[in-house]
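The values are calculated or read from the model by the stated rules, or taken from the named source; none is laboratory data. This structure is a prediction, so every number in the text was calculated from the model and none was measured. Positions of Cβ are generated from backbone atoms using ideal geometry, with glycine treated the same way; all protein chains shown enter the neighbour counts.
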Amino acid sequence: MVNLICKFSVLVLVIFSFTSFRIINENGWIKLFNGKSLNGWKANEDQGTFTIQKGVIRVNGARSHLFYMGSLMNHAFKNFELKVKVMTTPGSNSGIFFHTSYQDSGWLNKGFEVQINNSHVDWRRTGSIYGIKDLKDVFIKDNEWFNLHIIVNEKKVIVKLNDKLINEYTQPENAVYASGNEERKFSAGTFALQGHDPKSIILFKEILVKVE
C-alpha cells in the first residue's frame, strides 16, 4: 500500500510539472519560448544581444549565449527532440547548443553545437555538429524561415532541415576530440542560442521540445 501511494505521488508530480507548461498538440510538444518575453531564459555576456520583436527572438550584437534556465526538466534534458524555426541573414553565424550548462563568458565548453550558417566565412554550414561532424554543403537560403529539428537519443544525434535528414552522429566509446575537451560527451544539459558577433543577425521562433 505504501509503495502504491509513493508511485501515485510521483505520477501526480510529473503530471503537474508538465501541465504547468503549454503542450501545444497531442504529440507532446512543449513551448520553451512564449513569444512575448525571455522568461525562463538567461543571457550571459551581453543581454542586449537578444531582443524580442513581433514574437521572434532577434540575435544581433556582441558575443553572448542565451540559455534555457526554466523549470521544465529542471533544464537538464538528456533524450529529446527540439524543433526551432530559424532565419539567417547574409554573412551571419549562430548555433544551438544542447547538453550544455550556463557559463558566465566565452565560447561554451560543455555540450554540442548544431551550427547555423549559410553564408558566413566559416565553412561549416547549417546542420553541422560543430567540430565533430561538419558539413560543407548549403541546404538553406538566407532570408527564409526554415525548420531545424534536433533529435538526441543516448549517444546519437540526428539533424533535420525542413524535415530532411542531413546529418547524424553516434559517439563512439572513449571518444576524445582534438581539442582535448572531455566535456564534449553526451550526458544531459540545457539548450543555448548563440550570439556570434555584431555583424550576424539571426531570428528564432517557435522553440518546441518533446521529452521522453
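Side notes on the structure shown:
- Looking across segment 105-126, just one residue is buried (at least 19 other Cβ atoms within 10 Å of the Cβ) and among the acidic types (Asp, Glu), and that is 113.
- Residue 96 vs. criteria surrounded by 13 or more Cβ atoms within 10 Å (Cβ to Cβ) and closer than 26 Å to residue 41 by Cβ: yes
- Test: residue in segment 169-176 that is more than 15 Å from the chain's Cα centre (by Cα), more than 23 Å from residue 68 (Cβ to Cβ) and part of a strand (DSSP E or B): yes
- Residues within segment 122-167 that are outside any strand (DSSP E or B), under 21 Å from residue 77 (Cα atoms) and touching a residue at least 40 places away in the same chain (Cβ under 8 Å), tallied: 3
- Any chance residue 52 is in a strand (DSSP E or B) and either of a type in the set (Gly, Ala, Ser) or crowded, with 16+ Cβ neighbours inside 10 Å (or both): no
- Note on segment 55-81: among residues that are among the hydrophobic types (A, V, I, L, M, F, W, C) and in a loop (DSSP other than H, G, I, E, B), the one that is nearest to residue 95 (Cα to Cα) is 62.
- Residue 129 being at pLDDT 95 or above, among the hydrophobic types (A, V, I, L, M, F, W, C), buried (at least 16 other Cβ atoms within 10 Å of the Cβ) and closer than 24 Å to residue 42 by Cβ: no
- Selected residue (only one of 36, 42, 85 is surrounded by fewer than 16 Cβ atoms within 10 Å (Cβ to Cβ) and in a strand (DSSP E or B)): 85
- Tally of residues being of a type in the set (A, V, I, L, M) and without any contact (Cβ under 8 Å) to a residue 40 or more places away in the chain across segment 85-121: 1
- Among (1) closer than 26 Å to residue 184 by Cα; (2) under 18 Å from the mean Cα position of the chain (by Cα) - the single one residue 121 does not satisfy: (2)
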